[in-house]
Amino acid sequence: MKRLPYLIAFAALASPAAKAEKFQGLAMTPPMGWNTWNTFAENCSDALVRETADAMAANGMRDAGYVYIVIDDCWAKKERDPDGNLVADPVKFPGGMKALGDYLHSKGFKFGMYGCAGKTTCGGYPGGRGHEFQDARLYASWGVDYFKYDWCDHGTANGPESYRIMSDAIRAAGRPIIFSLCEWGQNQPWLWAEPVGHLWRTTGDIGASYATGGKNKWEHGWKTLLDMQVGLEKYAGPGHWNDPDMLEVGNKGLTLAESRGHFSFWCLLAAPLIAGNDVRHMAPEIRAILTNRDVIAIDQDALGREGFRFRVDKDKEIWAKELSNKEWAVCVLNTGDAPAKLTLDMHELTFLTEQYYDVTDVWAGKPAGTALDPHAAMVDSHDVMLFRLKPGS
Ligand code: GLA
């Protein structure tokens, strides 16, 4: 009889349910959108989501590609209903989630929701554990297109198994939904999550700073998270992305230069671009960063390669991302505390394969000679020079 547990475990492994098969063909480029959490935390609401959608339709964000509007934690009532269903908080979401999803769809957006693989969410609302198939059916009935699944209060649950169950539940519910794993890199999801989901967090939470943390003690600045991506680049590709967390661009705690640096690097990483600022009241300079099509094109390049760190010098780092058609993006960061003259000698870029390249200064939106020319500029602390190289003659 002692063998029974092993037999059951073996049967589970061999059953089709254990072989997660996410919806294919989704997120062939990194998802782009907006999420309630970074600015509004528990204060998400129907009004906020509608106003944000209206603002993003009017300010060019939707047309630049930011289509997934995601409601993060704290949207639910603290208790499930007698049938075990999740219920939207009737004060925050008086019209219910289906109507809100319909509104987003009618404006050309897609609808994202949040849940948690543990017993409760990080904010203390009901988690999905034990209710996965029921919850997935509910999300599908609301018209959800994107689902983020967190990892608080998981107790002794097994990480890969917890996410596989939810992936299977989404699949069984029948609606194509992008599945965003949010287990903070704790179980090295880059090693097992490709069949399970479309993106996976590689780190803990971002905060609005370069490298000094955030408003909560568990948050990290974007440079800290950037450093944690080194070596993970080989695991990303179309339909399966490393996620170093959402954008803090435009949030208090970052200088304009740091917002530009942050955005440049998230594009270089082929990271999901999920804005986290109040886009209803956004300075024109921040809007210009978030909607710069040439920078976004680096993130969304169809080849789907994540960038890598090429070189670290005193007060300067060089990163590069391979693009389609033998093009490259090269980003040089001033890691020092003061503005500095940065130089880039493209002869040193040993990964280049062609003899000649035409160079564009991406943020300036202007040609910048060829790769044979010296490239130098004054760059603010934590700001970048960003170049696109195209084979030339
Ligand atoms: C975790 C996640 C965050 C956010 C909060 C919500 O910390 O990593 O992105 O979803 O939970 O409580």
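With the condition kept exactly as written, say whether any residue in region 58-68 is assigned to a strand (DSSP E or B) and not aliphatic (A, V, I, L, M). Scanning region 58-68, I find at least one residue that is assigned to a strand (DSSP E or B) and not aliphatic (A, V, I, L, M), so the answer is yes.
Taken as a whole, the structure leaves ALA157 outside the set of residues that are more than 15 Å from the ligand (Cβ to nearest atom), more than 22 Å from THR39 (Cβ to Cβ) and surrounded by 18 or more Cβ atoms within 10 Å (Cβ to Cβ).
Tell me, please, whether a residue that is away from the ligand (no atom under 14 Å from the Cβ), among the polar types (S, T, N, Q) and in contact with a strand residue (DSSP E or B) (Cβ under 8 Å, 6 or more places away or on another chain) can be found in region 167-176. Checking region 167-176: at least one residue is away from the ligand (no atom under 14 Å from the Cβ), among the polar types (S, T, N, Q) and in contact with a strand residue (DSSP E or B) (Cβ under 8 Å, 6 or more places away or on another chain).
Taking region 252-324 as the region of interest, the helices (runs of 4 or more DSSP H) fully inside it that hold 1 or more residues being within 14 Å of ASP227 (Cα to Cα) are 256-268.
In region 123-148, the residues that are away from the ligand (no atom under 16 Å from the Cβ) form Cβ pairs under 7 Å with partners that are acidic (Asp, Glu), at six or more places apart or across chains, as follows: GLY143/ASP102. Can we say MET28 is more than 16 Å from the ligand (Cβ to nearest atom), under 14 Å from the mean Cα position of the chain (by Cα) and surrounded by fewer than 18 Cβ atoms within 10 Å (Cβ to Cβ)? Answer is yes for this residue.
Criterion applied to VAL49, VAL67 was being under 30 Å from GLY213 (Cα atoms) and touching a Gly at 6+ places or on another chain (Cβ under 8 Å), and the one residue passing it is VAL67. Among the residues of region 257-268, is any buried (at least 24 other Cβ atoms within 10 Å of the Cβ), at pLDDT 95 or above, within 21 Å of GLY207 (Cα to Cα) and in contact with a Lys or Arg (Cβ under 7 Å, 6 or more places away or on another chain)? Yes, region 257-268 contains a residue that is buried (at least 24 other Cβ atoms within 10 Å of the Cβ), at pLDDT 95 or above, within 21 Å of GLY207 (Cα to Cα) and in contact with a Lys or Arg (Cβ under 7 Å, 6 or more places away or on another chain).
For (1) surrounded by fewer than 20 Cβ atoms within 10 Å (Cβ to Cβ); (2) under 20 Å from PRO244 (Cα atoms); (3) at pLDDT 95 or above, each residue gets a yes or a no:
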| site | (1), (2), (3) |
| --- | --- |
| GLU285 | yes, no, yes |
| ASN292 | no, no, yes |
| ASP301 | no, yes, yes |
| ASP315 | yes, no, yes |
| TRP328 | no, no, yes |
| ASN334 | no, no, yes |
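Does ASP245 satisfy the criteria of being surrounded by 20 or more Cβ atoms within 10 Å (Cβ to Cβ) and within 18 Å of the chain's Cα centre (by Cα)? Judged against the criteria, ASP245 is a match. Here the condition is being within 16 Å of the ligand (Cβ to nearest atom) and crowded, with 17+ Cβ neighbours inside 10 Å; of GLY253, GLY197, GLY239, it holds for GLY197 alone.
It is to be established whether one or more residues within region 179-189 are out of contact with any Cys (no Cβ under 9 Å at 6 or more places or on another chain), at pLDDT 95 or above and under 23 Å from SER45 (Cβ atoms). Yes, the conditions are met somewhere in region 179-189. A residue that is within 16 Å of the ligand (Cβ to nearest atom), charged (D, E, K, R), in a loop (DSSP other than H, G, I, E, B) and over 24 Å from the mean Cα position of the chain (by Cα) can be found somewhere in region 84-93. Within the option set ASN43, ASN38, being within 14 Å of the ligand (Cβ to nearest atom) and out of contact with any Ser or Thr (no Cβ under 9 Å at 6 or more places or on another chain) holds for one residue only, ASN38. A search for C-beta distances below 7 Å between a residue of region 207-221 that is at negative phi and surrounded by 22 or more Cβ atoms within 10 Å (Cβ to Cβ) and any residue that is part of a loop (DSSP other than H, G, I, E, B) and of a type in the set (Ser, Thr, Tyr), counting only pairs 6+ apart in sequence or on different chains, returns HIS220/THR203; GLY221/SER209; GLY221/TYR210; GLY221/THR212. With respect to the conditions (1) within 14 Å of the ligand (Cβ to nearest atom); (2) aromatic (Phe, Trp, Tyr); (3) crowded, with 24+ Cβ neighbours inside 10 Å, TRP151 lacks only one, and its number is (3). Given (1) touching a Cys at 6+ places or on another chain (Cβ under 9 Å); (2) over 29 Å from THR29 (Cα atoms), identify the lone condition not met by TYR149. For TYR149, the failing item is (2). Each residue in region 352-374 was checked for being in contact with a strand residue (DSSP E or B) (Cβ under 6 Å, 6 or more places away or on another chain) and aromatic (Phe, Trp, Tyr), and 2 pass.
The values are calculated or read from the model by the stated rules, or taken from the named source; none is laboratory data. No experiment lies behind these values; they were computed from the predicted model shown. Please note: Cβ atoms are built from the backbone with ideal geometry, for glycine as well, and neighbour counts cover all protein chains shown.
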